[in-house]
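The values are calculated or read from the model by the stated rules, or taken from the named source; none is laboratory data. Keep in mind the model is a prediction, meaning the values are calculated, not measured. Positions of Cβ are generated from backbone atoms using ideal geometry, with glycine treated the same way; all protein chains shown enter the neighbour counts.
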Amino acid sequence: MKGLGDIGNLMKQAKKLQQELERAQAEIAELRVEAAAGGGMVSATVNGQGGLVDLKIEREVVDPEDVDMLVDLIIAAVQEAQSKAAAEAQERLGPLSQGMGLPGMPLG
């Protein structure tokens with residue numbers, strides 16, 4: 001009945017991997033990543049899933065005559081923060097997804 005022992009061992013490994021994955025996902029949920037644009041005039045902070053949690057805009061960059069520039073800076077800061085958060089999440093989840101034989105885990 002060697003096959004049953006192998007299945008039991010496989011189940012234990014799967015349970016351990018699931019626990020590690022849940023721990024990594026919890027860490028990612030708590031993650032905060034910041035990025036700036038316009039020489040630091042606009043900064044955005046996102047969580048591990050890429051959701052915007054904070055946005056700071058220096059008064060000097062607010063020009064009612066050039067709102068488009070401010071919009072561009074906000075978008076650039078948010079996208080950079082989201083990109084950094086995705087890379088950090090992939091770095092944390094990568095080893096776990098490789099353990100499952102998957103090429104990578106999408107961030108959902």
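Residue-wise test of (1) at pLDDT below 95; (2) exposed (fewer than 15 other Cβ atoms within 10 Å of the Cβ); (3) not acidic (Asp, Glu).
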position	(1), (2), (3)
ALA37	no, no, yes
GLU88	yes, no, no
PRO95	yes, yes, yes
GLY101	yes, yes, yes
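Can you tell me which condition GLU58 does not meet? The list is (1) loosely packed, with under 15 Cβ neighbours inside 10 Å; (2) touching a helix residue (DSSP H, G or I) at 6+ places or on another chain (Cβ under 8 Å); (3) at pLDDT 95 or above, and all the others hold.
Going through (1) loosely packed, with under 15 Cβ neighbours inside 10 Å; (2) touching a helix residue (DSSP H, G or I) at 6+ places or on another chain (Cβ under 8 Å); (3) at pLDDT 95 or above one by one, GLU58 breaks only (2).
For GLY50, work out the one condition from (1) surrounded by fewer than 17 Cβ atoms within 10 Å (Cβ to Cβ); (2) under 19 Å from GLU91 (Cα atoms) it doesn't fulfil.
Unmet condition: (1).
Please verify whether VAL42 is touching a residue at least 12 places away in the same chain (Cβ under 8 Å), under 30 Å from PRO95 (Cα atoms) and in contact with a helix residue (DSSP H, G or I) (Cβ under 6 Å, 6 or more places away or on another chain), treating the condition exactly as stated. Give the steps one after another, and end with the answer.
Working: touching a residue at least 12 places away in the same chain (Cβ under 8 Å): yes; under 30 Å from PRO95 (Cα atoms): no; in contact with a helix residue (DSSP H, G or I) (Cβ under 6 Å, 6 or more places away or on another chain): yes.
Here the answer is no, as VAL42 does not meet what is asked.
Condition first: crowded, with 18+ Cβ neighbours inside 10 Å and without any contact (Cβ under 8 Å) to a residue 60 or more places away in the chain. Now tell me which residues in the stretch 21-35 satisfy that.
Correct list: VAL33, ALA35.
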